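The values are calculated or read from the model by the stated rules, or taken from the named source; none is laboratory data. The shown structure was predicted, so the numbers you read here are calculated from the model rather than taken from an experiment. Counting neighbours? That spans all protein chains shown, and the Cβs are built from the backbone with ideal geometry, glycine included. These accessible areas exclude ligands, DNA and RNA; they are computed on the full protein's heavy atoms, side chains included. Shrake-Rupley method; radii C 1.70, N 1.55, O 1.52, S 1.80 Å.
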Amino acid sequence: MLTVTEALDRILAYTKALGSEQVGLLDSLGRYLHSDIVADIDNPPFDNSAVDGFAVLSSDIRTASAQSPVTLRLLPPVFAGGGQSVAMTSGYCVRTMTGAPIPPGADAMVMIEDAAESAGNFIEFRLPANAGDNIRLRGNDVICGEVVLRSGSKVNSASISMLAAMGQSKVLCFRRPRVAVFSSGDELVGIDKTPEFGKIRDSNRYTLAAMVLSAGAELLSHETIPDSLEETIFQLELAVRDGADVIITSGGVSVGDRDYIKPAIEKLGELNLWRVSMKPGKPLAFGKIEKSLLFGLPGNPVSTQVTFELFVRPALHKMSGCQAPVRQSVYATLATDLERTPGRQEYIRCRLSTVNGQYVADPTGPQGSGALKSMVGANALIIVPSETEKMSINELVTVMPLDGFFD
Ligand code: AMP
Ligand code: MG
């Protein structure tokens, strides 16, 4: 059986970033840039005022103090967006608003609060100023021609701000993976039904759909298939023909009499791995049918979610153009004692928080692979090495925060 690391390495070796497409600026949010973004103008584009105040020649008020104020004559004001003001010479000042161009000749801005109006169109200064005070110089942030965003970086609201400032109303991004989701099992009924004896609601169909969407991928479809080899083959072929970059199934991937996902992959394409030494999880099929990658995840709802986090999300991110390391983990102190059966690497649902600046990991309750409640409360997984039997309170453990923790 492969370890988690070996399985992930193998999966990522088969996973390539998809092609590019141009999208509207706001549609690029959450996607990965396909190429570097180069500034088309300086930022700021002209010298402008950082405050509402008075543009002055700093040499005029070098000696200004409360005891001997300096008085300067006021010229017509200049507002943001109002164009260029008159040129200024010694003895004058110009009321200049935040974002307005610095009047030619001025070399400092004095805040309104640090000056006083005096009779007859004069302003009184009681504090000295230095050249450059409160002036935002052209290009002090961005120089035209400079790379401001790198290919492979994820577009967040700060990137949108930069893209907008650089006139990028359309953005070249990596294409998002198109994903078809299937849950499988004769025991499954629609979530709007009250299950008869022996049946259960098909929650995985929605879990997987939600996880696909949360990974920024495009959900092509989400369907339920019965435990039938013919029907499984038919549905998988259909998804391949519909252009699914990725197909994800839940259930039917173990060694039960009616587990048909593995034989269906073997019939239609190639199976690259099956079974990983981990808990929850273990049965996990990965293969390829024509151009579609296929992940056969175990059916137990928590196994489905944990295997998605460990293998599918990183693969979807890589296909979407993400170049960041697959997953970050942190050290945390354990909030309780833990005992378990050694053998497989285990992922324990926990709540990760900070106490006095240190990470603390607190398990969220019973850890059965179908226990939904402890998953709902969790924001991270404690990684327990395969040979570990016992862990004690305050012991340092490795914890993998779930998606969104660092966002
Ligand atoms: P399987 O992997 O098909 O052997 O299923 C393992 C366990 O997960 C069984 O108890 C199933 O009833 C449960 N299960 C399988 N598919 C789903 C699903 N779509 N939603 C909820 N539970 C499921
Ligand atoms: Mg089943």
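Things worth noting here:
- Heavy-atom surface analysis with a 1.4 Å probe gives segment 248-302 a carbon and sulfur content of 40 percent of its accessible area.
- Of all DSSP beta bridges confined to the chain, the antiparallel ones make up roughly 65%.
- Relative to the longest principal axis of the Cα atoms of the chain, the long axis of helix 229-241 lies at roughly 30 degrees.
- GNM flexibility winner over the chain from Gln67, Gln358, Gln235 (Cα, springs under 10 Å): Gln67
- Solvent-accessible area of Ile233 with every protein chain in place, 1.4 Å probe, in Å² to the nearest 10: 30 Å²
- Cα shape, segment 330-401, gyration tensor, a/c 1.5 rule: oblate
- Integer Hz, Karplus 6.51/-1.76/1.60 couplings in order for segment 269-286, x for Gly and Pro: x, 10, 9, 9, 7, 8, 6, 10, 6, 7, 9, x, x, 6, x, 7, 10, 9
- Average accessible area per residue (Å²) across the chain - probe 1.4 Å, nucleic acids and ligands excluded: 49 Å²
- Under the criterion of Cα pairs below 8 Å and six or more residues apart, the relative contact order for segment 330-401 equals 47 percent.
- Ordering Leu334, Ser303, Asn394 by the projection of their Cα atoms onto the charge dipole of segment 252-407, which places +1 on the Cβ of Lys and Arg and -1 on the Cβ of Asp and Glu, puts Ser303 at the extreme positive end.
- To the nearest ten degrees, helix 4-13 and the longest principal axis of the Cα atoms of the chain are 70 degrees apart.
- Qualifying aspartates and glutamates (Cα of each under 20 Å from Cα of Lys267; at least 8 residues distant if same chain): Asp227, Glu230, Glu231, Glu237, Asp242, Asp245, Asp257, Asp259, Glu290
- Taken about its Cα centre, segment 112-241 carries a charge dipole of roughly 460 debye when the Cβ of each Lys and Arg holds +1 and the Cβ of each Asp and Glu holds -1.
- Dipole magnitude for segment 48-136: computed about the Cα centre from +1 point charges on Lys and Arg Cβ and -1 point charges on Asp and Glu Cβ, it is near 140 debye.
- Once exposed loop chymotrypsin sites (Phe, Trp or Tyr not before Pro) are cut out (DSSP; at most 15 other Cβ, 10 Å), longest piece of the chain: 198-404
- Here the chain is treated as a sphere whose radius is the Kirkwood value from Cα pairs; by Stokes-Einstein at 37 °C and 0.692 mPa s it diffuses with a coefficient of 128 µm²/s.
- Here the accessible area of segment 48-136 is 54 percent carbon and sulfur, with a 1.4 angstrom probe and all protein chains present.
- A dipole drawn for segment 1-56 from +1 and -1 charges on Cβ atoms has a positive end, and of Ile11, His34, Asn48 the residue lying farthest that way is Ile11.
- Degrees, to the nearest 10: 204-214 long Cα axis against longest axis of the chain: 30 degrees
- Net charge dipole, the chain: roughly 360 debye, given to the nearest 20, about the Cα centre with Cβ charges of +1 for Lys and Arg and -1 for Asp and Glu.
- Surface composition of segment 330-401: carbon and sulfur make up 51 percent of the accessible area, probe 1.4 Å.
- DSSP-defined beta bridges in segment 48-136 - what % are antiparallel, rounded to 5: 80 percent
- Neighbour-limited loop hits for trypsin sites (Lys or Arg not before Pro), segment 165-210 (at most 15 other Cβ within 10 Å; DSSP other than H, G, I, E, B): Lys193, Lys199
- Mean separation of Cα contacts under 8 Å, 6 or more apart, over the residue count of the chain: relative contact order %: 16 percent
- Karplus 3J(HN,Hα) series, Hz, for segment 391-406 with 6.51 cos²θ - 1.76 cosθ + 1.60 (x for Gly, Pro): 9, 10, 3, 6, 5, 7, 10, 8, 10, 9, x, 7, 3, x, 4, 8
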